[in-house]
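Data first, discussion second: the structure below is written as structure tokens.
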Amino acid sequence: MTPWGLRNKLKSALGRSPAAAPSPSHRLTLVTPEGVAHEVTAEDRYTLVMSSQSLEHPIATGCPDGHCGKCAVDVLEDRGLAGPTEAEAKLLKEKAKPGQRLACHARIVGSGGRFQVKETWSIESLIGTS
């Protein structure tokens, strides 16, 4: 189970499940490194990393806060993203190229965005079977 799946289970156990307090959801497209486009639904203010958790192979991250830059994605259509925070803007200068955002920081506030994922995560990559 992903950290976000665990989060939803805890929220549900505490009576604060998404069903109890619905938040707006948004549609966006994540294009995998292989070129396959996946339309996903994400709750308002989710990060791109969080929105990718419904995929078989979500966006890869190497750290929890953007310092590694592994989760940088190319912005193909920038609709539906909040602007970079001060922290992300600083990291973007150090870790990303123009036209990229850090998926662990970029927050979804609307539908229509399209993003090229550079690297995905799989259990095989962790245990060395791929």
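No lab work stands behind these numbers, since they all come straight from the coordinates. Everything numeric here is computed off the predicted structure, so don't read it as measured data. Cβ coordinates were reconstructed from backbone atoms using ideal geometry, including for glycine residues, and neighbour counts include every protein chain displayed.
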Computed lengthening from Lys93 to Arg27, 0.36 nm per intervening residue step minus Cα-Cα distance: 21.0 nm
Simple spin-label estimate for His38 and Lys11 in nanometres, 7 Å along Cα-Cβ: 2.0
Projected-area average for the range 23-127 over all orientations - Cα convex hull basis, square nanometres: 6.2
Likely footprinting exposure, Asp74, Asp44, fewest C-beta neighbours within 10 Å first: Asp44, Asp74
